[in-house]
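First comes the structure, then the notes that go with it.
Rule-based calculations on the coordinates, nothing more; no lab input. As the structure is a prediction and not an experimental result, all values here were calculated from the model. Because the Cβ atoms are built from the backbone with ideal geometry, glycine has one as well, and the counts that use them run over all protein chains shown.
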Amino acid sequence: MKRYLGGRLSLLLALLCLAAFDGAWAAEPVRKFLVFGRSGAWFVFDTKAETLSPIVFPSPYVPENVDVSPNGAWLVFTAYDAGAHNTLMFRWERGSPNPPVLLGDTRGHHADPRISADGRWVFFAHNPLAKGPPMNHGDKAYAQLYRVPIEGGQIESLTDERGCHFSPSSPGGGKVFLVHTSCDLERWIELLDTGTRKKVIFTSERATLDELDLSPDGKRLAYAILQISQMRIRQVDVASRKTSDLFVLTPDEPRIRIRYTGRGREMLYQSNGAIWRFDGTKTSKVIQLQ
């Protein structure tokens, strides 16, 4: 009887979490600004005008990963800091003469910074004892999921458990999707309530799963699976949790940076030195990264 009641309670909590999540959106605006590129060559892409603007970061910063705020004003990035002997996280007003400011911790490795869709929070992977990225760390220095207000303040740990946590994608409103791994081949996509710290597992894969992106309307979640020499892009329907394959490519970038635009099922990604569009049925080249 206890086991039965416990199972029913778990199911009820999951349904309540999904109900709150599903009701969090009305129609969301199109994402106007997105970031593409790699270390040493980053660009802001205007999805309406379909133009690229190179980002010239002040010396000595060489960002490893970058995200842009919804209004295009702020950049959040990770970069190696010689004083800390580690990769830290910073915020910079795009094009400003003022230097970047520290946004994360003063110690430990920082990775996968993502700004929430409402522009309020920065989510990132971090462990104050880690000297390397998620999946590449010392004993028990697992990457946990953290957040910090975009204007700065105290960083907040959202997970504290075995395994690494990374690739966040958040609509705001106290919800965030993430990848959780046991640090072997098994990985789960989870939905975390930042208030209660309760999680719902959406899907699991025994493969290299990464690069989550939630559509602006909150209905679809895309992710990438690396399979030998190919990368398969999959999508989860948030309401039903059913997965479907979208397209396959041969990766030639450290990250393909899947991003929904908010125009129907359209998403953009980078490959072969260019930005590409997937319109729900086929892929086409948008613009060269240069």
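Checking the cross-link filter: which lysines have an alpha carbon closer than 29 Å to that of Lys131, excluding same-chain neighbours under 8 positions apart?
Cross-link targets: Lys140, Lys175, Lys198, Lys199.
If I build a Gaussian network model for the chain, linking alpha-carbon pairs within less than 10 angstrom, which residue out of Leu102, Leu212, Leu191 has the largest mean-square fluctuation?
Greatest mean-square fluctuation among the candidates belongs to Leu102.
Apply the a/c threshold of 1.5 to the C-alpha gyration tensor of region 30-288 and tell me whether it is rounded, prolate or oblate.
Values: a/c = 1.42, a/b = 1.07, b/c = 1.33.
Here region 30-288 falls in the rounded category.
To make sure I understand the rule: partners must be lysines, Cα under 20 Å from the Cα of Lys285, and not fewer than 8 residues away in the same chain. Which ones qualify?
Here the lysines satisfying the reach criterion relative to Lys285 are Lys32, Lys48.
Rounded, prolate or oblate: which fits region 140-222, taking a ≥ b ≥ c as square roots of the Cα gyration tensor eigenvalues, rounded meaning a/c under 1.5, else prolate when a/b beats b/c?
Working: a/c = 1.85, a/b = 1.16, b/c = 1.60.
Because a/c hits 1.5 or more and a/b fails to exceed b/c, region 140-222 counts as oblate.
Would you please give the FRET efficiency between Gln230 and Glu50, computed as 1/(1 + (r/R0)^6) with r the Cβ-Cβ distance and R0 = 41 Å, to the nearest 0.05? Let's see the in-between values first.
Values: r = 28 Å, r/R0 = 0.68.
Using R0 = 41 Å, I get an efficiency of 0.90.
Could you go through region 260-274 in sequence order and give the Karplus-derived ³J(HN,Hα) for each residue, using 6.51 cos²θ - 1.76 cosθ + 1.60 with θ = phi - 60°, rounded to whole Hz, and x for Gly and Pro?
Those phi angles translate into 5, 9, x, 8, x, 9, 5, 9, 10, 7, 10, 6, 6, x, 8 Hz.
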